[in-house]
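What follows is one structure encoded as structure tokens, with my remarks underneath.
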There are 2 protein chains.
Amino acid sequence: MRNPEHDGYYMPGEFAPHAATVMIFPERPGSWPYGAAPAMPSFVKIWESILADELLYLVVSPEKLGACREILRNAGLLDRVTLLTIPQNDAWARDTCPTFVVQPETGDVAGVDWRFNAWGGEVDGLYADYAEDNALASVLCHNLGYGRFDAQDFVLEGGSVHSDGEGTLLVTEACLLSEGRNPSLSRAQIGERLCRYLGAEKVLWLPRGIYNDETNEHVDNVCAFLRPGEAVLAWTDDKTDPQYAMSAADLAYLESVTDAKGRRLTVHKLPVPAHPVCITQHDLDGFTFAPGEDEREAGERLAASYVNFYFTNHSVLLPQFGGENAQSDALAVKLMQQWCPERKVIPVPARELIVGGGNIHCLTQQIPAGKTHA
Amino acid sequence: MRNPEHDGYYMPGEFAPHAATVMIFPERPGSWPYGAAPAMPSFVKIWESILADELLYLVVSPEKLGACREILRNAGLLDRVTLLTIPQNDAWARDTCPTFVVQPETGDVAGVDWRFNAWGGEVDGLYADYAEDNALASVLCHNLGYGRFDAQDFVLEGGSVHSDGEGTLLVTEACLLSEGRNPSLSRAQIGERLCRYLGAEKVLWLPRGIYNDETNEHVDNVCAFLRPGEAVLAWTDDKTDPQYAMSAADLAYLESVTDAKGRRLTVHKLPVPAHPVCITQHDLDGFTFAPGEDEREAGERLAASYVNFYFTNHSVLLPQFGGENAQSDALAVKLMQQWCPERKVIPVPARELIVGGGNIHCLTQQIPAGKTHA
């Protein structure tokens, strides 16, 4: 059967060279309050930082094309961003765009087109109409001239898996074994499919993610590879924080396993913000929810974590939550700069992004470098 | 059965208001010699003229995106053109993009997605691999958020039909009854399908098109509506020219019929260039042909006609052939300005376009104004 692993494709680590990054313009009224205006400075900062390093494809719906062009023009970016006019249901490129894989002998790059059901479909999905989101990966592969591997028989979001590029994948049980995704498949079968589609040999199953993460605890909010054999884990020393037991379980697991190369992992603890970041009534007043869409409540704790960073070719875009978390923010910058001395750490205001339901990593999808036109 | 006519959609005349024009970047090595460099000034002139009046969507393949952006940047147009990155097989937007129809009560605009077989498929098609061209209309409707009417059971190119927007269509028998398109359908069945898909009542069947036109004589090279009840016909008074009998047969037909409103048509004669425009050995040396692609011979007469013009919202982009046809060029400008006093006639150098195999009308596709976002 033709599939990425069979044809010799694999998913490089995000830290490996990129040809480009794909993002999506924030439009959904139930995710981005006040027409996404409060989040726009964060988006502009991300776009600018990516463009300093690599190509940026920005997907925008035909309805918002004019507004998007206006914002890019005002930011001096209109000439530099490559706009792709395609309808979609929300801005989470990590979860709705293809997961790109590379054939190292030919340098060919192709996309894996997973089934997307808005993080849980009828069980606990976040919105009811996700047809455009599910179609997006296929449309992108066609438009950008990349081959497509059909994985529409398997529900997955890109944010629920990390790859070290050397045979090891990182996921959470909380997400991948959730009822709303692939309930008919066993854990072993799920692991086997992941390896087949991403050209990997071993899956590391963290038990949990970040507290109150509405993605059923995507791995990309709690743990990430800095390079093969080395990971960063969201952490807290506060035993009264519900995050404590979750991170502790993950650490215990990581200390108990080896990767596909037989290595024990070096795990760096990256403290979560010292103060909970919560949604306010003002935020809520700016949303317009569609029927069947998951709503929020004032005071609800958001899943704030510094691990939801993104590697461009030469930098790390690191979330910052501001306000009373200024010290936590600074510590995260300092630690990441220590652990990634070869990169420039770029702090990005992210409070308005997590109001939208995700963070920098969720909003980005890398296209790895290969023998490609991009 | 759901189809445009059933749902109250119709194809407005090209002279009716547009929301936008779609074009495609010229890339095919077998159509555009020397990397399309000689034709590029003509393209830039067309793009500029359209942008003065309406939105311009420019489809470009991922492989040529960088080169296209560079050309647009140098022309000062990069900020103004909306690029759509989509693979395709050639630049004839008229023939491969959807034919757009409007529902006048709701203002909704939708696209008709005809089957495209490169002007004749295995019988006398011009190239063998046209899969991306045939997929383009569907992709465009999706990307731009327009509904799509599926007419993939019927081979048609947009250049083979004109609409007056008041129930009358104009076609040629030479093209629509050709062996390479819909040989299993009778003339009556073809007319019935055209009316159903374009919301029309009556088809006027001109016998012929322009001499040596490799599209099997598309109507858009020989005859066009200036407004309802009024048409322009490519003409010659030179009885030794093979075009004479063809144009004479068309004129005789047009003088013998009434349109859907019962009107006799006013027909203006627009003289073809006085001197044949021929392909040269230098042109031929610049082509690279693919297997199965139709090739040309030095000295072959090209299907030069001034009728292959395009209406933007306030202008007419009129082909000019230059050289020894300077007088014919000037006459065409003068006549069109007389017949269309409400429009600005913009002369566009077109010799390098017909080397590519078509002309301004073939390269453009209007999206009519409606209650639309565009």
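Of the residues making up region A:20-39, those that are at negative phi, in contact (Cβ under 8 Å) with a residue 24 or more places away in the chain and surrounded by fewer than 18 Cβ atoms within 10 Å (Cβ to Cβ) number 1. Scanning region B:57-88 for residues that are assigned to a helix (DSSP H, G or I) and either facing chain A (nearest Cβ under 10 Å) or within 16 Å of B:Ser42 (Cα to Cα) (or both) yields a count of 11.
Are any of the residues in region B:218-230 within 29 Å of B:Ser315 (Cβ to Cβ), among the small types (Gly, Ala, Ser) and under 18 Å from the mean Cα position of the chain (by Cα)?
Among the residues of region B:218-230, at least one is within 29 Å of B:Ser315 (Cβ to Cβ), among the small types (Gly, Ala, Ser) and under 18 Å from the mean Cα position of the chain (by Cα), which makes the answer yes.
Counting only residues that are crowded, with 17+ Cβ neighbours inside 10 Å and of a type in the set (Asp, Glu), region B:245-291 holds 3 of them.
Exactly one residue out of B:Gly165, B:Gly180 is assigned to a loop (DSSP other than H, G, I, E, B) and within 22 Å of B:Ala110 (Cβ to Cβ), and it is B:Gly165. Could you list, in sequence order, the residues of region B:155-181 that are under 21 Å from B:Val22 (Cβ atoms) and in contact with a Phe, Trp or Tyr (Cβ under 8 Å, 6 or more places away or on another chain)? The answer is B:Val155, B:Leu156, B:Glu157, B:Gly158, B:Gly159, B:His162, B:Ser163, B:Gly165. Any residue at all in region A:149-156 that is in a helix (DSSP H, G or I) and at pLDDT 95 or above? Within region A:149-156 (the criterion being in a helix (DSSP H, G or I) and at pLDDT 95 or above), the answer is no, since none of the residues qualifies.
Comparison of B:Ser178, B:Ser138, B:Ser186 shows that the only residue that is more than 14 Å from chain A (Cβ to nearest Cβ), hydroxyl-bearing (Ser, Thr, Tyr) and either in contact (Cβ under 8 Å) with a residue 12 or more places away in the chain or within 20 Å of B:Gly370 (Cα to Cα) (or both) is B:Ser178.
Being farther than 30 Å from A:Asn3 by Cβ, aliphatic (A, V, I, L, M) and part of a strand (DSSP E or B) holds for only one residue in A:Val232, A:Val203, and it is A:Val232. Look through region B:235-262, keep the residues that are touching a strand residue (DSSP E or B) at 6+ places or on another chain (Cβ under 7 Å) and part of a loop (DSSP other than H, G, I, E, B), and return whichever of them is farthest from B:Val161 (Cα to Cα). Going through the qualifying residues, I end up with B:Thr236.
Which residues, counting only those in region B:149-184, are of a type outside the set (Gly, Ala, Ser) and out of contact with any strand residue (DSSP E or B) (no Cβ under 8 Å at 6 or more places or on another chain)? Don't jump to the end; show me each part of the working.
First pass over region B:149-184, keeping only residues of a type outside the set (Gly, Ala, Ser): B:149-150, B:152-157, B:161-162, B:164, B:166, B:168-173, B:175-177, B:179, B:181-183.
The answer is B:Glu166, B:Cys175, B:Leu177, B:Glu179, B:Pro183.
Return yes when A:Phe100 is in a loop (DSSP other than H, G, I, E, B), more than 12 Å from chain B (Cβ to nearest Cβ) and touching a strand residue (DSSP E or B) at 6+ places or on another chain (Cβ under 8 Å) and no when it is not. It is false that A:Phe100 is in a loop (DSSP other than H, G, I, E, B), more than 12 Å from chain B (Cβ to nearest Cβ) and touching a strand residue (DSSP E or B) at 6+ places or on another chain (Cβ under 8 Å). Under the condition of being over 26 Å from A:Tyr130 (Cα atoms), touching a strand residue (DSSP E or B) at 6+ places or on another chain (Cβ under 9 Å) and of a type in the set (D, E, K, R), the residues counted in region A:69-97 number 1. Taken together, the criteria exclude A:Gly111 from residues that are within 14 Å of chain B (Cβ to nearest Cβ), small (Gly, Ala, Ser) and in a loop (DSSP other than H, G, I, E, B).
If only one of B:Ala118, B:Ala128, B:Ala151 is in contact with a Leu (Cβ under 9 Å, 6 or more places away or on another chain), more than 14 Å from chain A (Cβ to nearest Cβ) and either within 29 Å of A:Leu140 (Cβ to Cβ) or touching a residue at least 24 places away in the same chain (Cβ under 8 Å) (or both), which one is it? Checking each option against the conditions leaves just B:Ala118.
Look at A:Val203 and say whether it is touching a residue at least 60 places away in the same chain (Cβ under 8 Å), of a type in the set (Val, Ile, Thr) and buried (at least 19 other Cβ atoms within 10 Å of the Cβ).
Numbers: touching a residue at least 60 places away in the same chain (Cβ under 8 Å): no; of a type in the set (Val, Ile, Thr): yes; buried (at least 19 other Cβ atoms within 10 Å of the Cβ): yes.
The answer is no for A:Val203.
Within the set B:Val345, B:Val355, the sole residue that is touching a strand residue (DSSP E or B) at 6+ places or on another chain (Cβ under 6 Å), away from chain A (no Cβ under 14 Å) and either crowded, with 23+ Cβ neighbours inside 10 Å or not hydroxyl-bearing (Ser, Thr, Tyr) (or both) turns out to be B:Val345.
Confirm whether A:Gly35 is assigned to a helix (DSSP H, G or I), away from every other protein chain (no Cβ under 13 Å) and of a type in the set (Gly, Ala, Ser). For A:Gly35, the condition - assigned to a helix (DSSP H, G or I), away from every other protein chain (no Cβ under 13 Å) and of a type in the set (Gly, Ala, Ser) - is met.
Only one entry of A:Ala93, A:Ala118, A:Ala67 meets the criterion of being among the aliphatic types (A, V, I, L, M), farther than 30 Å from A:Gly167 by Cβ and buried (at least 21 other Cβ atoms within 10 Å of the Cβ), and that entry is A:Ala118.
The one condition from (1) in a strand (DSSP E or B); (2) farther than 19 Å from B:Ala234 by Cα that B:Val171 does not meet is (2). The residue pairs whose first member lies in region B:223-245 and is without any contact (Cβ under 8 Å) to a residue 12 or more places away in the chain, whose second member is surrounded by 16 or more Cβ atoms within 10 Å (Cβ to Cβ) and among the β-branched types (Val, Ile, Thr), and whose beta carbons are closer than 8 Å, counting only pairs six or more residues apart or on different chains, are B:Tyr244/B:Thr236.
The values are calculated or read from the model by the stated rules, or taken from the named source; none is laboratory data. The shown structure was predicted, so the numbers you read here are calculated from the model rather than taken from an experiment. Cβ atoms come from the backbone with ideal geometry, glycine included; neighbour counts cover every protein chain shown.
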